[in-house]
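The values are calculated or read from the model by the stated rules, or taken from the named source; none is laboratory data. This structure is a prediction, so every number in the text was calculated from the model and none was measured. All Cβ positions, glycine included, derive from the backbone under ideal geometry; neighbour counts span all protein chains shown.
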Amino acid sequence: MRFTKFTLNRFDMVLIMQSIQGVGISLKHQHFQEFMNHKPDVPWLEIHTENFFSQASTSSKYLAKIRQDYPISAHCVGMSLGSAAINCPIREQHLHHIKSTVEWLQPGLISDHLSWSVSQGGHYLPDLLPIPLTEEAFTIVANNIKQAQDILQRQILVENPSSYLTYVDSPITEWQFLSSLAEETGCGLLLDVNNIYVSAHNHHFDSLTYLNNMPLSAVKEIHLAGFSTEIVEGKELYIDTHGHRVCDDVWLLYEQVIKRFGALPTLIEWDTNIPDLAVLLEEKSKAEAIITKVESIEKSSLIANTVNGQS
């Protein structure tokens, strides 16, 4: 089966992106009531799409009310974009569940990961598993992205994963792989800064080299999160747990991201050890302060250059 490259005219893209701006946070059921009662000052919220497949569920009923006041971004974990399973009914069924959710939720952005979770036998594995970065894998992932965009009739964003192992046969760098996917399929990219930091530590590459090789026009959203550490075979391994505050080094890396890509929609992502809402709002304020700092420096530099040019 052939799938087409997804195209979105500039006007439609502007309309979609208008609703998702600034620094948002993950929406968790622990905070539903606070959003209902107090409407905290947050530009937008992101949900895990799979948690809202049933529109009749209690969670979906809360979300239907909350979305009246907040733009929503839909982050998926089950598209299995890296799956090599052919004619897999369970994967296609999952995509149609996502489509149904997207139709009533009307999210500003839709995203999933560069990973796989569906086996050839049609079994779903409860994790985001890594793929080999080869030409063969590229063709598989590109076709899966095109299929997802055909079904959803929306552009999807593909997120760079956190990584704890690499395949012996992976001749393509991750940034080359993702850049080529955006060019081939018309998808956008979701840049997870914490994942870059975690993977750079685990696999000994330079985070800034990764950032500087990502295409400016393809990156549409940024994620920030915390990680934990474990000692494995005598070595410290960083684990992307989404259960802690953003670390200082990731904040520094985020500043470089804003300098390169501009003030793209940014998410404070938190999925485990859910804290009080106030903690997420504090992290949101830190991200906003970095954006303000970078924009202020750039404005001052522009003014200085203009004055010098007139001298």
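Numbers below:
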read-out: Residue that is surrounded by the fewest Cβ atoms within 10 Å (Cβ to Cβ), among those in region 195-234 that are of a type in the set (Asp, Glu) and at negative phi; value: 206
read-out: Residue that is nearest to residue 73 (Cα to Cα), among those in region 111-129 that are part of a strand (DSSP E or B), in contact with a Leu (Cβ under 8 Å, 6 or more places away or on another chain) and not acidic (Asp, Glu); value: 111
read-out: Selection within region 34-60 - out of contact with any Asp or Glu (no Cβ under 7 Å at 6 or more places or on another chain), under 20 Å from residue 277 (Cα atoms) and surrounded by 14 or more Cβ atoms within 10 Å (Cβ to Cβ); value: 35, 42, 43, 44, 45, 46, 47, 48, 51, 59, 60
read-out: Number of positions in region 243-268 that are under 20 Å from residue 76 (Cα atoms) and either β-branched (Val, Ile, Thr) or crowded, with 22+ Cβ neighbours inside 10 Å (or both); value: 4
read-out: Enumeration of residues in region 50-94 that are free of Cβ contacts under 8 Å to residues at least 24 places away in the same chain, out of contact with any helix residue (DSSP H, G or I) (no Cβ under 8 Å at 6 or more places or on another chain) and among the hydroxyl-bearing types (Ser, Thr, Tyr); value: 57, 58
read-out: All positions within region 150-173 that are out of contact with any His (no Cβ under 7 Å at 6 or more places or on another chain), in contact (Cβ under 8 Å) with a residue 24 or more places away in the chain and under 22 Å from residue 236 (Cα atoms); value: 160, 162, 164, 165, 167
read-out: Residues located in region 152-181, provided they are part of a helix (DSSP H, G or I), buried (at least 16 other Cβ atoms within 10 Å of the Cβ) and of a type outside the set (Ser, Thr, Tyr); value: 152, 174, 175, 177, 178, 181
read-out: Tally, over region 133-165, of residues that are touching a helix residue (DSSP H, G or I) at 6+ places or on another chain (Cβ under 6 Å) and polar (S, T, N, Q); value: 3
read-out: Subset of region 90-137 that is of a type outside the set (Ser, Thr, Tyr) and modelled with pLDDT under 85 - its residue that is nearest to residue 149 (Cα to Cα); value: 118
read-out: Residues of region 142-179 satisfying the condition of being among the charged types (D, E, K, R) and out of contact with any Leu (no Cβ under 9 Å at 6 or more places or on another chain); value: 146, 150
read-out: Number of positions in region 82-129 that are buried (at least 21 other Cβ atoms within 10 Å of the Cβ) and β-branched (Val, Ile, Thr); value: 4
